[in-house]
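Below is one structure, written out as structure tokens, with a few remarks after it.
The values are calculated or read from the model by the stated rules, or taken from the named source; none is laboratory data. This one's a predicted model, so the numbers in the text were calculated from it and none came from an experiment. Virtual Cβ from ideal backbone geometry, glycine too; neighbours counted across all protein chains shown. Protein only, heavy atoms only, side chains kept; ligands, DNA and RNA dropped before computing areas. Shrake-Rupley method; radii C 1.70, N 1.55, O 1.52, S 1.80 Å.
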Amino acid sequence: MASRLNSKIVIVGGGISGIAAAQRLVKAGFHHVRILEATSRCGGRIKTGRLGDSLVEIGANWIHGPSQENPVFCLARQYGLLEPEALTPENQAMDIAGHPPWVPAFYSSSGQKLNAEDVVPAIELFAELLDQSSEFQNQKGEPFPSVGDFICTQVRQQAEEKWKDTDLATKSLRLCMISNMLKVECCVNGAHSMNEVGLGAFGQYKTLPGLDCTFPGGYEGLIKNLMLELPDGLVTYNMPVRCIHWNNSERTDNPVMLECDSGEKISADHVIVTVPLGYLKMHHSTMFQPPLPLHKLHSVQRLGFGTNNKIFVEFDVPWWDAQCEVIYLVWEDEDDMVDQFPDIQRSWIKKLFGFTVLKPTERYGHVLCGWIAGHESEYMETLSEQEVTQAVTQLIRRFTGNPTVTPTRILRSQWFHDPWTYGSYSHLGNGCSEQDLDNMMEPLPPKGSQSQPNQVLFAGEATHPCYFSTVHGALLTGWREADRLISYYSSINPSEAFKSKL
Ligand SMILES: Cc1cc2nc3c(=O)[nH]c(=O)nc-3n(C[C@H](O)[C@H](O)[C@H](O)COP(=O)(O)OP(=O)(O)OC[C@H]3O[C@@H](n4cnc5c(N)ncnc54)[C@H](O)[C@@H]3O)c2cc1C
Ligand SMILES: *[C@@H]1O[C@H](CO)[C@@H](O)[C@H](O)[C@H]1NC(C)=O
């Protein structure tokens, strides 16, 4: 009889979702669990790198909403990976709704430091409209196809009235600031343009309370600690899976067969697929035999998966104020509210909204992190490090009005050109709904077909109904799919359910 002791489970992908699934299955008494990972390391989009002597995060940086309900926070606390400040009740209770209260500075393309009073009204209006964008959930139809369309239309309507006593130059500057905020949101959402982020389902994404915090010893510490709970040899590295043959009625003992790039064939009772949505978009047609059912395929295509990259820039001496935490670069020729640049080769750098400041200075020295999303970001990845350095140096010299500012070192991420990811993280594109995420997580064979049990299960960031695009979302989906198998074996083998509860 099928049981936890002899059931073979293969997990495709060793990111946080795959590791979380393995950890839970092993804990529940499954003996034949293995992870096949395409690369030579685990962690996937959790990836800590080095800039000189400092640790920098190439992938995930923050725990978004670090509080009791966040499993990443709870694990990081348990493993002792967080600073005392992050653990305080005050920090956990802070409700920032996804927008940390960073101390900002604003620079303009004519080399001026801007007065906050001039641009803050634009930021407040933008924040208000972004909040409203979440309120079209469960309404019949959406008044605009995208968050970008909604925000720009509203700004055009309201700015006239709201800022009627403001001089023309300041009014124009505020519209330029709106362009900047749109670029920020492209980074937050991992989208090319806010015109590609659907309005109807924007409220689907949920935040947790807590002031976002980081891992002083690197995010990969979380992966290392989780791996210590797994038996040695559970992960096979450099083992990309090429095709998953499922629904194999001839060999009822092992209904699934995985074919690896190496030519190796591995049979299994269950497969948990955790590859990124970007990879699925690119390879679904060769990855599944028989192919994905149409409703699932359409959701893979409809959901958005865009690029957000970081460019770390180090200086000998800072050109920003000591208390500054985020620097916005406002182009004075962008009062038409734009967040995309067709003339990519010449204008790609205009998509970089600005920099966050790595703190504390004692740990990092004087390091900024530039943020750039979309096709402009994908183009940036094709340039040499030298070309990127030159563009960023020119940009900073222009906005500071200081022709001598020179970075000492630079390091950028290249998530679009990562063949196992093809981008950064997922968002709900035009016309998407909650149903698309439900379809993403639905196991094969699909509902309604007679054959049980589930053969192919789906986890990963892009399969979480409300925490997609995050580490905690990814972790929860790994646990969810492990639980699906655990409850299946409990239902066919109640005595084992009893044993595992002991
Ligand atoms: C720049 C950037 C910044 C981010 N910042 C944050 C942040 O601050 N906070 C936050 O919560 N989240 C952040 N995220 C998102 C977060 O990193 C991801 O949501 C999460 O790590 C995804 O985990 P996963 O297990 O779903 O996928 P992944 O980590 O991508 O794991 C998938 C694994 O599958 C492997 N794989 C792919 N194809 C195959 C194949 N054919 N065969 C075998 N293996 C394969 C890959 O190599 C990879 O290891 C960020 C992401 C990026 C890119
Ligand atoms: C799965 O196999 C059964 C039995 O051979 C067949 O009837 C069914 O059409 C197959 N499903 C898919 C999606 O290929």
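Condition first: more than 16 Å from ligand 1 (Cβ to nearest atom), closer than 26 Å to Ala169 by Cα and either open to solvent by less than 40 Å² (accessible area, probe 1.4 Å) or β-branched (Val, Ile, Thr) (or both). Now tell me which residues in segment 303-334 satisfy that.
Residues satisfying the conditions are Trp320, Cys324, Ile327, Tyr328, Leu329, Val330, Trp331, Glu334.
Within segment 115-125, is even one residue open to solvent by 30 Å² or more (accessible area, probe 1.4 Å), among the polar types (S, T, N, Q) and under 21 Å from Phe355 (Cβ atoms)?
Yes, segment 115-125 has at least one match.
Is segment 283-302 home to any residue that is open to solvent by 10 Å² or more (accessible area, probe 1.4 Å), farther than 30 Å from Glu378 by Cβ, touching a Phe, Trp or Tyr at 6+ places or on another chain (Cβ under 8 Å) and not in a strand (DSSP E or B)?
yes
Test Tyr379 against the criterion of being assigned to a strand (DSSP E or B) and either charged (D, E, K, R) or assigned by TED's automatic domain parsing to the domain that holds Ser146 (or both), and give yes or no.
no
Condition test on Ile63, is it within 14 Å of ligand 1 (Cβ to nearest atom), aliphatic (A, V, I, L, M), within 23 Å of Cys466 (Cα to Cα) and in contact with a Phe, Trp or Tyr (Cβ under 9 Å, 6 or more places away or on another chain)?
Yes; evaluated as a whole, the condition is true for this residue.
How about segment 287-345: which of its residues are closer than 30 Å to Asp118 by Cα and charged (D, E, K, R)?
Matches in segment 287-345: Lys310, Glu314, Asp321, Glu325, Glu332, Asp333, Glu334, Asp335, Asp336, Asp339, Asp343.
Just one of Met239, Met257 is part of a loop (DSSP other than H, G, I, E, B), open to solvent by less than 40 Å² (accessible area, probe 1.4 Å) and either free of Cβ contacts under 8 Å to residues at least 24 places away in the same chain or within 24 Å of Val26 (Cα to Cα) (or both); which is it?
Unique residue meeting the criteria: Met239.
Looking at (1) of a type outside the set (S, T, N, Q); (2) open to solvent by 60 Å² or more (accessible area, probe 1.4 Å); (3) closer than 18 Å to Ala191 by Cβ; (4) part of a helix (DSSP H, G or I), which is the only condition Arg363 fails?
All conditions pass for Arg363, except number (3).
Output the number of residues of segment 455-482 satisfying the condition of being closer than 27 Å to Gln289 by Cβ and either within 16 Å of ligand 2 (Cβ to nearest atom) or not in a loop (DSSP other than H, G, I, E, B) (or both).
Number of matching residues: 13.
Matching residues to (1) within 16 Å of ligand 1 (Cβ to nearest atom); (2) under 16 Å from Leu280 (Cβ atoms); (3) in contact with an Asp or Glu (Cβ under 6 Å, 6 or more places away or on another chain):
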site	(1), (2), (3)
Ser426	yes, yes, no
Asn430	no, no, no
Glu442	no, yes, no
Pro445	no, no, no
Glu461	yes, yes, no
Pro465	yes, no, no
His472	yes, no, no
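Just one of the numbered conditions (1) assigned to a loop (DSSP other than H, G, I, E, B); (2) farther than 20 Å from His31 by Cα; (3) free of Cβ contacts under 8 Å to residues at least 40 places away in the same chain is not true of Lys224; which one?
The one condition Lys224 does not meet is (1).
Among the listed residues Arg24, Arg50, which satisfies the condition of being more than 13 Å from ligand 1 (Cβ to nearest atom), open to solvent by 10 Å² or more (accessible area, probe 1.4 Å) and assigned to a helix (DSSP H, G or I)?
Arg24
Among the listed residues Gly65, Gly111, Gly141, identify the single one that is assigned by TED's automatic domain parsing to the domain that holds Val357, on the phi > 0 side of the Ramachandran plot and open to solvent by less than 30 Å² (accessible area, probe 1.4 Å).
After ruling out the rest, the residue left standing is Gly111.
How many residues does segment 260-283 hold that are farther than 22 Å from Trp415 by Cβ and touching a residue at least 12 places away in the same chain (Cβ under 8 Å)?
Qualifying residue count for the region: 10.
So which of Gln452, Gln394 ends up being surrounded by fewer than 21 Cβ atoms within 10 Å (Cβ to Cβ) and part of a helix (DSSP H, G or I)?
The unique qualifying residue is Gln394.
Please work out which residue is modelled with the highest pLDDT, limiting yourself to segment 402-449 and to residues that are within 16 Å of ligand 2 (Cβ to nearest atom) and open to solvent by 60 Å² or more (accessible area, probe 1.4 Å).
The residue in question is Lys447.
Limited to segment 199-226, what total is found for residues that are under 30 Å from Gly263 (Cβ atoms) and either basic (Lys, Arg) or more than 13 Å from ligand 1 (Cβ to nearest atom) (or both)?
Looking only at that region, the number is 0.
I'm told Pro231 meets every condition in (1) touching a helix residue (DSSP H, G or I) at 6+ places or on another chain (Cβ under 8 Å); (2) closer than 23 Å to Ile16 by Cα; (3) in contact (Cβ under 8 Å) with a residue 40 or more places away in the chain; (4) not in a loop (DSSP other than H, G, I, E, B) except one. Can you identify the failing condition by its number?
(4)
Give the residues of segment 61-106 that are of a type in the set (Gly, Ala, Ser) and under 25 Å from Val330 (Cα atoms), sorted by residue number.
Listed by number, the residues that qualify are Ala97, Gly98, Ala105.
All but one of (1) touching a helix residue (DSSP H, G or I) at 6+ places or on another chain (Cβ under 6 Å); (2) surrounded by 22 or more Cβ atoms within 10 Å (Cβ to Cβ); (3) not acidic (Asp, Glu); (4) not in a strand (DSSP E or B) hold for Met337, so report the exception by its number.
(2)
Give me the pairs, please: first residue somewhere in segment 136-149 and in contact (Cβ under 8 Å) with a residue 40 or more places away in the chain, second residue anywhere and among the aromatic types (Phe, Trp, Tyr) and open to solvent by 40 Å² or more (accessible area, probe 1.4 Å), beta-carbon distance under 9 Å, and either six or more positions apart or on two chains.
As it stands, the answer is Phe136/Phe144, since those pairs meet every condition given.
Report yes if Leu280 is out of contact with any Asp or Glu (no Cβ under 8 Å at 6 or more places or on another chain), within 16 Å of ligand 2 (Cβ to nearest atom), farther than 30 Å from Leu82 by Cα and modelled with pLDDT of 95 or more, otherwise no.
No: the conditions fail for Leu280.
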